[in-house]
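The values are calculated or read from the model by the stated rules, or taken from the named source; none is laboratory data. Because the structure is a prediction, the values reported are computed rather than measured. Cβ coordinates were reconstructed from backbone atoms using ideal geometry, including for glycine residues, and neighbour counts include every protein chain displayed.
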Amino acid sequence: MYQIGDSIVVQSYKHDESLHRIWTNAKVVENTKDYIVIANKRTKVIENNGRFWFTKEPSVTFFYKKHWFNCIGIMRKEGIHYYCNIASPYVIDDEAIKYIDYDLDIKVAHDFSFKVLDRNE
């Protein structure tokens, strides 16, 4: 089991089990029997086509074992923005945290205005 402070990789998959995206380095900040919380800053993200980018702002992500979503708090100058992925409950092994991303997301700005994303996917 991952301990607080351990580095961990995150892998998201599509429903057809194809790899979608990899976050190469995050830190475990909490790990319970029901959820795991990770944090990252300037983390390398690799897309399924091999292209990569780095996260711009620090963030904290909550992954749940029994809920069909995960939530990200993104810290920006104007305040915290939230991003909620409709996703499978996560599984974890020696390689990574893994989940299926179902492409329907909700983005909530610091003023609590929101936008539904990827509705057509």
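Of note:
- The combined condition, being at pLDDT below 95 and of a type in the set (S, T, N, Q), is fulfilled by ASN120.
- Criterion (modelled with pLDDT of 95 or more and over 12 Å from the mean Cα position of the chain (by Cα)) met by exactly one of VAL91, VAL9, VAL45: VAL91
- If you check GLY79, GLY73, GLY50 for being of a type outside the set (A, V, I, L, M) and touching a strand residue (DSSP E or B) at 6+ places or on another chain (Cβ under 7 Å), only one passes: GLY73.
- Looking only at segment 1-34, and only at residues there that are of a type in the set (D, E, K, R) and surrounded by 15 or more Cβ atoms within 10 Å (Cβ to Cβ), the one that is nearest to TRP68 (Cα to Cα): LYS14
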